[in-house]
Amino acid sequence: FSSLQVTEEVREHLKTPTFDNWQWEEAEMLVLLQVMYTDLDFLTAFQIEPEALQNFLFEVYCHYNNIPFHNFQHCFCVTQMMYGLIWLTDLRNKLSRVDLLIMLTSALCHDLDHPGYNNVYQINAQTDLALRYNDISPLENHHCAVAFGILAKPECNILKNLSNEQYKLIRGGMIKCILATDMSRHNEILNKFKAMQPVFNFTNKEHKELMKIMVKVSDISNEARPMEVAEPWLDCLLQEFFNQSDTEKLKGLPVTPFMDRDKVSKPSSQTSFIRFVLLPLFTELTKLFPCLEEEEGAKPGRISYNVNFRRLGASVERG
């Protein structure tokens with residue numbers, strides 16, 4: 001772990017969705033993840049030993065692959081966005097500490113051991129993962145299994161001081177959240193959320209499905225970040241996409257259209273994604289959390305999502 005001294009200023013910035021991941025080394029990111037667990041008071045609430053947390057975070061780091069997009073930096077960004085949303089929407093006063101632990105840890109583990117090729121490829125190529133999970137969300141099932149494999153190591157088990165009931169609750173919650181990041185389930189999850197949104201109640205067990213949508217939002221939220229943070233991520237994503245379509249062509253598999261380097265440009269790749277995936281999701285979320293649309297500067301540390309909505313809208317128009 002790095003010997004990074006985390007200043008108050010960094011601590012506060014870490015709570016905002018404008019945080020710039022590109023300024024930090026991976027060793028420093030591990031320290032910042034530790035800060036997130038500490039500042040949400042998880043160590044006290046769940047009797048997590050600092051050494052077990054360090055071991056857990058390091059083991060998670062070791063299980064992300066060196067690939068262009070779905071790597072440890074992506075995992076950090078998603079976790080940091082989840083953390084920022086927890087503070088921004090005041091979830092600490094709306095959900096239980098267990099719910100928050102589920103959300104943050106799911107974000108951290110949601111792409112563990114990602115091979116850089118998506119579910120469609122796994123299924124078409126009949127990979128070991130597709131065979132093991134019977135073509136049902138092979139990657140997401142694998143990410144979950146790897147996460148609980150890490151937690152099964154005594155030195156990494158941040159849940160070891162919990163009751164069986166609490167452990168079951170956290171395991172069940174994490175599985176739901178991570179499986180919900182399968183994009184083939186996007187519309188199903190968004191429609192469920194839309195239906196419950198007008199009568200949403202934080203004390204209703206079913207309504208706590210919200211947790212899943214928050215991890216989903218964090219997973220695909222790069223475009224809602226400032227342009228200088230978001231744009232390099234698009235290059236990384238396209239590189240991973242093109243690697244997949246090249247492999248598909250070589251192996252004679254169906255070529256995924258939005259990954260084909262001969263057909264996809266940077267702007268075209270974004271317009272459909274923003275219009276059909278990102279905007280509908282953020283629109284529903286801002287109905288539940290109007291604070292996401294407050295003007296920048298209205299409250300310290302708040303991000304004005306509508307500023308970025310305008311940018312997203314502009315990119316769609318340009319496309």
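Residues in region 7-45 that are touching a residue at least 40 places away in the same chain (Cβ under 8 Å), of a type in the set (D, E, K, R) and assigned to a helix (DSSP H, G or I): GLU12, GLU26.
Screening region 263-312 for residues that are at pLDDT 90 or above and assigned to a loop (DSSP other than H, G, I, E, B) and picking the one that is most open to solvent (accessible area, probe 1.4 Å) gives LYS263. Can we say LEU4 is buried (at least 16 other Cβ atoms within 10 Å of the Cβ) and either part of a helix (DSSP H, G or I) or modelled with pLDDT of 95 or more (or both)? No: the conditions fail for LEU4.
None of ASN93, ASN118 is touching a Leu at 6+ places or on another chain (Cβ under 8 Å), open to solvent by 30 Å² or more (accessible area, probe 1.4 Å) and farther than 24 Å from GLN23 by Cα except ASN118.
Results for (1) at pLDDT below 95; (2) crowded, with 20+ Cβ neighbours inside 10 Å; (3) assigned to a helix (DSSP H, G or I), shown as yes or no for each residue.
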position: GLN47; (1), (2), (3): no, no, no
position: PHE56; (1), (2), (3): no, yes, yes
position: TYR61; (1), (2), (3): no, no, yes
position: ASN66; (1), (2), (3): no, no, no
position: TYR83; (1), (2), (3): no, yes, yes
position: LEU100; (1), (2), (3): no, yes, yes
position: ILE123; (1), (2), (3): no, no, yes
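Kindly establish whether TYR61 is without any contact (Cβ under 8 Å) to a residue 60 or more places away in the chain and among the hydroxyl-bearing types (Ser, Thr, Tyr). Answer is yes for this residue. Taken over region 218-228, the criterion of being open to solvent by less than 30 Å² (accessible area, probe 1.4 Å), in a helix (DSSP H, G or I) and at pLDDT below 95 is satisfied by ASN222, GLU223, ALA224. Is there a residue in region 110-123 that is more than 29 Å from THR44 (Cα to Cα) and among the hydrophobic types (A, V, I, L, M, F, W, C)? For region 110-123, residues more than 29 Å from THR44 (Cα to Cα) and among the hydrophobic types (A, V, I, L, M, F, W, C): present. Restricting region 183-217 to residues that are under 19 Å from ASP111 (Cα atoms) and charged (D, E, K, R) leaves a set whose member that is most open to solvent (accessible area, probe 1.4 Å) is ARG185. Report whether or not ALA145 is closer than 20 Å to ILE175 by Cα and either small (Gly, Ala, Ser) or out of contact with any helix residue (DSSP H, G or I) (no Cβ under 8 Å at 6 or more places or on another chain) (or both). When the stated conditions are applied, ALA145 passes them.
If you go through region 146-198 and keep only what is within 17 Å of the chain's Cα centre (by Cα), in a helix (DSSP H, G or I) and over 19 Å from LEU53 (Cα atoms), you end up with GLY173, ILE175, LYS176, CYS177, ILE178, LEU179, MET183, SER184, ARG185, HIS186, ILE189, LEU190. Of the residues making up region 229-254, those that are open to solvent by less than 70 Å² (accessible area, probe 1.4 Å) and of a type in the set (D, E, K, R) are GLU240, ASP246, GLU248. Just to verify a result, which residue in region 229-252, among those that are of a type in the set (Gly, Ala, Ser) and part of a helix (DSSP H, G or I), is farthest from MET82 (Cα to Cα)? Among them, the one singled out is SER245. Assess whether ILE136 counts as being among the aliphatic types (A, V, I, L, M), open to solvent by 20 Å² or more (accessible area, probe 1.4 Å) and out of contact with any strand residue (DSSP E or B) (no Cβ under 8 Å at 6 or more places or on another chain). Here the answer is yes, as ILE136 does meet what is asked. With respect to HIS207, is the statement that it is free of Cβ contacts under 8 Å to residues at least 60 places away in the same chain and either assigned to a helix (DSSP H, G or I) or small (Gly, Ala, Ser) (or both) true? Criteria met by HIS207.
The values are calculated or read from the model by the stated rules, or taken from the named source; none is laboratory data. All values derive from a computational prediction rather than experimental measurement. FYI the Cβ positions are ideal-geometry reconstructions off the backbone, even for glycines, and counts take in every protein chain you see. For accessibility, only protein heavy atoms count, side chains too; no ligands or nucleic acids. Shrake-Rupley method; radii C 1.70, N 1.55, O 1.52, S 1.80 Å.
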